[in-house]
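The values are calculated or read from the model by the stated rules, or taken from the named source; none is laboratory data. Predicted, not measured: the structure shown is a model, and the values here were computed from it. Because the Cβ atoms are built from the backbone with ideal geometry, glycine has one as well, and the counts that use them run over all protein chains shown. Please note that ligands, DNA and RNA were not included when accessible areas were found on the heavy atoms of the full protein model with its side chains. Shrake-Rupley method; radii C 1.70, N 1.55, O 1.52, S 1.80 Å.
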Amino acid sequence: MLKLSPSILAADFTRLGESCAAVLDAGADMLHVDVMDGAFVPNISLGVPVLAALSARLPAFYDVHLMIRRPLEYIKPFCGAGASLLTFHLEAESPVEQTIRAIRDAGCRAGLSIKPATPPEAVFPYLDALDLVLVMSVEPGFGGQKFMPAAAGKIAAIRAEAERRGLSPDIEVDGGINPETAPLCVRAGANVLVAGSAVFRAPSPADAIAALRRACGA
Ligand code: DX5
Ligand code: ZN
């Protein structure tokens, strides 16, 4: 089943609650929350208080993408603020196994993400312990960038290795996803699509979500 996770980074922050409610009404399966610390990536977005306010007002599956240098130190606050799934970066400074364990202990699902320069094999040692692998198809830090097609090959390699081991993790792709690029990722084995600009900046989020599903034959 294909799942769509619109990134709230592209939302109108002056009307965040209403914009998110509209996107969920329009058929989004979850909300992607991009957390940036100005250290792991050269941008600062939002954090725990914004997630807490949003999740208190709007029940949804919160797909939280931590682009922060020391994720292990922030697992409890983000899970406490309503995260359903916490995804952190392999390239960050926290020990990977310990961070996955801390996420589970806090009652969240665990995801691991890789940047464009990181090979797919880097996630293989952790595959058995993960609910989701997030393959970045842009350099993390900003919305509205161009899709990097090499992401499709990385998705295919991770899906093949997961199947070889009898695993079926979610594989999510993030960055530059639109009706042209989404099918390449789904064909490669992705089943969760993040889309910021393509959904939140569309005149009709419902039409944009329908167009993404249609393009992927879902
Ligand atoms: C980039 C973020 C993405 C971004 C996607 O660092 O992780 O989630 O908001 O935005 P679009 O879909 O506009 O590329
Ligand atoms: Zn993201």
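Ser94 satisfies every condition listed in (1) within 20 Å of Asp128 (Cβ to Cβ); (2) in contact with a Gly (Cβ under 9 Å, 6 or more places away or on another chain) except (2).
Could you list, in sequence order, the residues of the range 37-51 that are on the phi < 0 side of the Ramachandran plot and open to solvent by 10 Å² or more (accessible area, probe 1.4 Å)? Residues satisfying the conditions are Asp37, Ala39, Phe40, Pro42, Asn43, Ile44, Ser45, Leu46, Gly47, Val48, Pro49, Val50. Residues in the range 52-86 that are in contact with a strand residue (DSSP E or B) (Cβ under 9 Å, 6 or more places away or on another chain), farther than 14 Å from Leu31 by Cα and open to solvent by 30 Å² or more (accessible area, probe 1.4 Å): Arg69, Arg70, Leu72, Tyr74.
When every residue of the range 181-203 is checked against the conditions, none turns out to be surrounded by fewer than 16 Cβ atoms within 10 Å (Cβ to Cβ), away from ligand 1 (no atom under 11 Å from the Cβ) and of a type in the set (Gly, Ala, Ser). Scanning the range 115-145 for residues that are open to solvent by less than 50 Å² (accessible area, probe 1.4 Å), within 12 Å of ligand 1 (Cβ to nearest atom) and without any contact (Cβ under 8 Å) to a residue 60 or more places away in the chain turns up Pro116, Val135, Met136, Ser137, Val138.
Scanning the range 87-109 for residues that are of a type in the set (A, V, I, L, M) and surrounded by 23 or more Cβ atoms within 10 Å (Cβ to Cβ) yields a total of 1.
Taking first residues from the range 188-200 that are closer than 18 Å to Lys154 by Cβ and partners that are open to solvent by less than 20 Å² (accessible area, probe 1.4 Å) and within 12 Å of ligand 2 (Cβ to nearest atom), the Cβ contacts under 6 Å between residues at least 6 apart in sequence or on separate chains come to Ala190/Val173; Val192/Ser5; Val192/Glu172; Leu193/Ile177; Val194/Ser5; Val194/Ser7; Val194/His32; Val194/Asp174. Do the conditions hold for Ala206, that is, is it open to solvent by 40 Å² or more (accessible area, probe 1.4 Å), away from ligand 1 (no atom under 14 Å from the Cβ) and touching a residue at least 40 places away in the same chain (Cβ under 8 Å)? The answer is yes for Ala206.
Restricting the range 178-211 to residues that are part of a helix (DSSP H, G or I) and within 16 Å of ligand 2 (Cβ to nearest atom) leaves a set whose member that is farthest from Asp25 (Cα to Cα) is Cys185. The residues of the range 146-170 that are surrounded by 16 or more Cβ atoms within 10 Å (Cβ to Cβ) and either part of a loop (DSSP other than H, G, I, E, B) or within 15 Å of ligand 1 (Cβ to nearest atom) (or both), listed by number, are Phe147, Met148, Ala151, Pro169.
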